[in-house]
Amino acid sequence: MQFTKVHSLKGELKIPGDKSISHRAVMFGSISQGITEVTNFLQGADCLSTIDCFRKLGIEIDISDQKIIIQGKGLHGLKAPSTTLDAGNSGTTTRLISGILAAQDFDVTLTGDASIQKRPMKRIIEPLSLMGASIESLKGNDCAPLRITGSKLNGMHYQSKVASAQVKSAILLAGLYANAPTSVTEPYISRNHSEIMLNFFGAEVSTIDTTATIQPLPALTGQKIVVPGDISSAAYFIAAGLITPNSEILLKNVGINPTRNGILRVAEVMGGNITYLNANTENGESTADILIRSSDLHGITIEGSIIPTLIDEIPIISVMAAFASGTTTIKDAAELKVKESNRIDVMVENLRAMGANITGTPDGMIIQGGFPLLGAVIDSELDHRIAMSFAIAALNATGITQILGAECVRISYPNFYNDLHSLTC
Ligand code: S3P
């Protein structure tokens, strides 16, 4: 797919539903008693993988344009699937469902696409095994395919080495089935959608500092969930509106949960002109409309506890940094190497190909902004966040940019290119 420079971006967008929250609504609805109705569900490939897995586990899920309806069967209502479960490209599906499957009274094999089969699963195998789970990496490389043998689980406290909501959530979900309370402490707080939504379904999850604790065997009951717009998808338009001259973009109903809103905090410190309108709270998640206007950005240092709150936005933040004056330094973000692609290497290689001054480091990158970008051929490595980041860079580069594998945006934002096109003047 090809992109060229634009002179301005103007208009209003309704950002599609949050991916993390959509996954959780399907999972928690499936193990709750009764009907769960989810509106603004993200019908991207990753969340459809979660639906496919739960259908194979015996849950009826009806999908329409407006909402999805899940016929929950309660904590002990899942059935042994007749085939392997396929999580596709989705790390969230793979890791969170493992916490549930570890406690069932049947065995399953769980796999995913080529990218998933390279992503580290030791981070969930280790804590779940400490609870009594039996999980085998079938190729012996601590990656999927995983053979999960349902087991009786013990409550425990786990000190996680990484700030990861997927690890935390897998442990909390296993804790639903354990014989005693289960808690997880992380180095910094990661996104807390599981804690918020599990409580909404009737579980008892408490959080003190960076420790989340769950009480076992709650009565979970089906709920109505309204999914906020995904700030990780809004991020491309936040950056686009800030770096493209003469631009004004209104993004409607975006989730601004403080454990996810690092992109907004960073953009403001860089000098971004951002206005919040219509603040609201739905199912414990805060939302707002966000008005973005073109701004002169300057480089900053991004490190420490803010990193987990913007981990998926670092590719687009590095694009913003290339258009900012001065140096942007990103540290403490080694997790980027184990996402859908190695996002440090892929951003450095591709931004350099466009003429940016960027250096990779073991845990991040250093970007000297202000070097004009030129069109180039960009290999997205089938990573949705890389494809979308370079589509935005290309709108502000001289010449033609071609993005290889551009269709991978179907993972989290199937309508991305149409939405982007609707803003071009
Ligand atoms: C997610 C957590 C994050 C994030 C991913 C979605 C989630 O991963 O990068 O896109 O829904 O819990 P980690 O937990 O591995 O940091």
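Amide H contacts of residue 156 (H built 1.01 Å from N, in plane; Pro and chain starts excluded): 182, 183 sit under 5 Å, all sequence-distant by 5 or more or on other chains. Counting heavy atoms of the protein chains alone, residue 60 has an accessible area of about 130 Å² for a 1.4 Å probe. Over all other residues within a Cβ to Cβ distance under 14 Å of residue 221, the charged ones net out to 0, with Lys and Arg as +1 and Asp and Glu as -1. For residue 35, the residues whose amide H sits under 5 Å from its own are 72, 222, ignoring neighbours fewer than 5 places away on the same chain, with H placed 1.01 Å from N. Taking every DSSP beta bridge that has both ends in the chain, the antiparallel portion is near 70%. Legend: P(r) of the range 6-91 from all alpha carbon pair distances, 5 Å bins from 0, whole percents, reading 3, 15, 23, 22, 16, 7, 4, 3, 3, 2, 1, 0.
In terms of its C-alpha gyration tensor, the range 19-226 has a rounded overall shape, because the principal axis ratio a/c (a ≥ b ≥ c, square roots of the eigenvalues) stays below 1.5.
At a 1.4 Å probe radius, carbon and sulfur cover how many percent of the accessible area of the range 19-226? Of all accessible area on the range 19-226, carbon and sulfur atoms account for 50 percent.
Taking 339, 118, 331 and ordering them by how much accessible surface each has at a 1.4 Å probe, largest first, produces 118, 331, 339.
Counting only DSSP beta bridges with both residues in the range 255-413, the antiparallel share comes to about 70 percent.
Is the range 177-311 rounded, prolate or oblate when judged by the Cα gyration tensor, a ≥ b ≥ c being the square roots of its eigenvalues, rounded requiring a/c under 1.5 and prolate requiring a/b larger than b/c? Oblate. For residue 10, the lysines whose Cα falls under 23 Å of its own Cα, not counting residues fewer than eight places away in the same chain, are 252.
Considering only beta bridges that DSSP places wholly inside the range 146-270, some 65 percent are antiparallel.
For residue 377, the residues whose modelled amide H falls within less than 5 Å of its own, excluding neighbours fewer than 5 places apart on the same chain, are 402.
Taken over the range 19-226, lysine pairs spaced eight or more positions apart, or on distinct chains, with alpha carbons under 19 Å apart number 12.
Since only 175, 84, 66 are under comparison, the one whose Cα sits farthest along the positive direction of the charge dipole of the range 19-226, derived from C-beta charges on Lys, Arg, Asp and Glu, is 84. When the helices of the chain are scored as -39500 (n - 2.57) per DSSP H run of n ≥ 4 and the total is divided over every residue, the value at 222 nm lands at -8500 deg cm²/dmol.
About its Cα centre, the dipole of the chain is roughly 300 debye, where the only charges are +1 on Lys and Arg Cβ and -1 on Asp and Glu Cβ.
A straight Cα-to-Cα reach below 16 Å connects residue 331 with the aspartates and glutamates 303, 312, 313, 345, 363, residues fewer than 8 places away in its own chain not being considered. Residue 211 label point, 7 Å along Cα→Cβ, cut-off 11 Å on backbone N: hits in the range 161-195? Within reach of a label on residue 211: 183-186.
Rounded, prolate or oblate: which one fits the chain, using the alpha carbon gyration tensor with axes a ≥ b ≥ c (rounded when a/c is under 1.5, else prolate when a/b beats b/c, else oblate)?
It is prolate, given that a/c is not under 1.5 and a/b is the larger ratio.
Under 14 Å from the 7 Å Cα→Cβ point of residue 303, by amide nitrogen: which residues of the range 329-355? Answer for the range 329-355: 329-334.
The values are calculated or read from the model by the stated rules, or taken from the named source; none is laboratory data. Quantities reported herein were computed from a predicted structural model and do not represent experimental measurements. Heads up, the Cβs are rebuilt from the backbone with ideal geometry, glycines too, and the neighbour counts pull from every protein chain shown. Heavy atoms of the whole protein, side chains included, go into the accessibility calculation; ligands, DNA and RNA do not. Shrake-Rupley method; radii C 1.70, N 1.55, O 1.52, S 1.80 Å.
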